[in-house]
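Okay, structure first, notes after.
No lab work stands behind these numbers, since they all come straight from the coordinates. Here the structure is a predicted model, which means the values were calculated and not measured. Cβ coordinates were reconstructed from backbone atoms using ideal geometry, including for glycine residues, and neighbour counts include every protein chain displayed.
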Amino acid sequence: MSFVLTGVSNSAALGDEVAPVTVTDADPAPTLSISPSAVNEGDASPTARALTMTLSAPAAVAVRPSTRGS
């Protein structure tokens, strides 16, 4: 990316009106929070449980949570 300076006032002299520009993303990465959840242990079949996941800020890329069973 380049920056071009034009429309200089008061007859100012420019050495070089084109300069390179670097844009640095200094925003912190969003964090993922998962709400606490509890279920009573038992010897029956597996129990489904809903979890609420929240991002602290919009993410620049898609966030696709997945699970891994045992």
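When peptides 7-14, 48-55 are ranked by their average number of other Cβ atoms within 10 Å per residue, the highest-first order is 48-55, 7-14. Look at the dipole of the chain built from charges on Cβ: of Ala50, Ile34, Pro20, the Cα furthest out on the positive end belongs to Ala50.
Computing Cα extents along the principal axes in Å for the structure here picks out one of [x] 85, 21, 13; [y] 48, 32, 14; [z] 79, 27, 16, namely [x].
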